[in-house]
Amino acid sequence: MGNFVNPFTDMGFKIIFGSELSKDMLIIFLNELLRGEQEIEDLTFLDKEDQGDNMRDKGIIYDIYCRTTDGKYIIVEMQNRKHSNFLNRTLYYVCRSIGRQAGRPFLNEADVHSSGNYGDRYKLSAVYGIFLMNFKEKGLEDKFRTDTVITDRETGLVINTNFRQIYLQFPLFTKELKDCETLFERMIYTLKHMDKWDRMPDALKDQVFQRLAQLASVAHLSEADQIAYDKALDRYYVEQTVRHDEYMEGMEKGIQKVAIQMRQKGIPVDTIVQCTGLTAAEIATLN
């Protein structure tokens with residue numbers, strides 16, 4: 001363990017991106033992510049910790065909202081726990097942010113007359129869901145970044161520009177630092193590896209990384225933040241261990257199934273041993 005917080009813990013992400021002190025870092029990150037598409041001049045943390053959702057989802061932070069100068073919204077979610085129905089859950093949170101803009105979901109005739117044009121209540125600003133994932137999602141393609149939009153299925157024409165989702169699967173970002181060509185790539189590399197470093201590499205001399213080092217230094221945490229971070233880190237390691245154990249259990253069952261199939265086809269036991277790594281005694285007990 002190095003001298004910087006692990007950004008894939010709830011508390012580590014809050015320290016780096018989730019406070020008034022770190023607004024500048026979040027703005028830089030998002031502007032690099034959305035380069036050529038949006039530019040954020042300021043942001044506001046709205047309902048930074050939705051206690052109801054956090055209780056249901058074991059403390060995960062969903063609701064850091066950013067505003068662009070033209071009124072668009074960006075939702076930033078840090079997710080490092082592999083849950084079932086992950087893609088449906090991200091869809092729900094983006095749609096919830098869209099729905100909040102339109103006021104009440106049902107309007108009677110009096111509401112229409114008092115508010116003016118009925119349709120004006122649904123002039124929505126765009127919402128971006130941005131999901132940083134320390135795991136691979138089987139519902140997504142096997143690549144680091146996936147951008148989704150609402151399009152015509154046949155022509156690919158974008159039908160509604162108010163809905164965007166961007167998924168970043170960190171295990172699939174495999175570039176070395178020397179191969180990172182943009183500031184965004186260097187930031188992604190740093191977020192992925194920084195918890196193992198004692199100091200920032202010499203190649204990261206930009207002011208943004210010095211600022212990141214200052215924010216993320218374990219030595220600079222207050223006593224309360226240190227306690228909270230230690231608890232979050234413990235949860236992170238427990239979850240990583242559980243995930244690894246589940247993976248190994250699945251592998252073991254898969255190997256056993258292959259061994260059973262090979263035995264049913266009359267393949268010699270010594271060949272099965274060589275192919276699966278199981279012992280002859282273990283193979284004999286398989287049903």
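The values are calculated or read from the model by the stated rules, or taken from the named source; none is laboratory data. As the structure is a computational prediction, the values presented were derived from the model and not from experiment. Neighbour counts are summed over all protein chains in view; Cβ atoms, including those assigned to glycine, are modelled from backbone coordinates with ideal geometry.
For the reader, a short list of remarks on this structure follows.
- For the stretch 4-15, the criterion of being of a type in the set (S, T, N, Q), closer than 21 Å to residue 199 by Cβ and either surrounded by fewer than 17 Cβ atoms within 10 Å (Cβ to Cβ) or under 20 Å from the mean Cα position of the chain (by Cα) (or both) is met by at least one residue.
- Scan of the stretch 215-234 for residues that are within 12 Å of residue 11 (Cα to Cα) and in contact with a helix residue (DSSP H, G or I) (Cβ under 8 Å, 6 or more places away or on another chain), ordered by number: 216, 218, 221, 225, 226, 228, 229, 231, 232, 233
- Cross-chain or 6+ apart pairs with Cβ under 6 Å, the stretch 1-29 first and closer than 18 Å to residue 233 by Cβ, then among the acidic types (Asp, Glu) and in a loop (DSSP other than H, G, I, E, B): 2/198; 3/198
- Qualifying residues in the stretch 1-33 (those that are over 16 Å from residue 214 (Cα atoms) and of a type outside the set (A, V, I, L, M, F, W, C)) - the one modelled with the lowest pLDDT: 10
- Qualifying positions in the stretch 261-272 - of a type in the set (Val, Ile, Thr) and either loosely packed, with under 15 Cβ neighbours inside 10 Å or over 14 Å from residue 285 (Cβ atoms) (or both): 267, 271
- Residue under evaluation residue 218, criteria (1) among the β-branched types (Val, Ile, Thr); (2) in contact with a Gly (Cβ under 9 Å, 6 or more places away or on another chain); (3) at pLDDT below 85, criterion not met: (3)
- Flag: residue 190 matches the condition of being touching a Leu at 6+ places or on another chain (Cβ under 7 Å), farther than 24 Å from residue 98 by Cα, of a type in the set (Ser, Thr, Tyr) and modelled with pLDDT of 95 or more.
- Applying the condition of being among the polar types (S, T, N, Q) and within 19 Å of residue 171 (Cα to Cα) to the stretch 222-244 and asking which residue is modelled with the lowest pLDDT yields 240.
- Given (1) farther than 30 Å from residue 1 by Cα; (2) crowded, with 18+ Cβ neighbours inside 10 Å, index of the condition residue 133 fails: (1)
- In the stretch 171-181, the condition of being assigned to a loop (DSSP other than H, G, I, E, B), farther than 28 Å from residue 139 by Cα and in contact (Cβ under 8 Å) with a residue 60 or more places away in the chain is met by no residue.
- Positions within the stretch 78-92 being modelled with pLDDT under 80 and either in a helix (DSSP H, G or I) or within 13 Å of the chain's Cα centre (by Cα) (or both), in sequence order: 78, 79, 80, 81, 82, 83
- In the set 36, 71, only one residue is surrounded by fewer than 18 Cβ atoms within 10 Å (Cβ to Cβ), over 18 Å from residue 191 (Cα atoms) and modelled with pLDDT under 75; that residue is 71.
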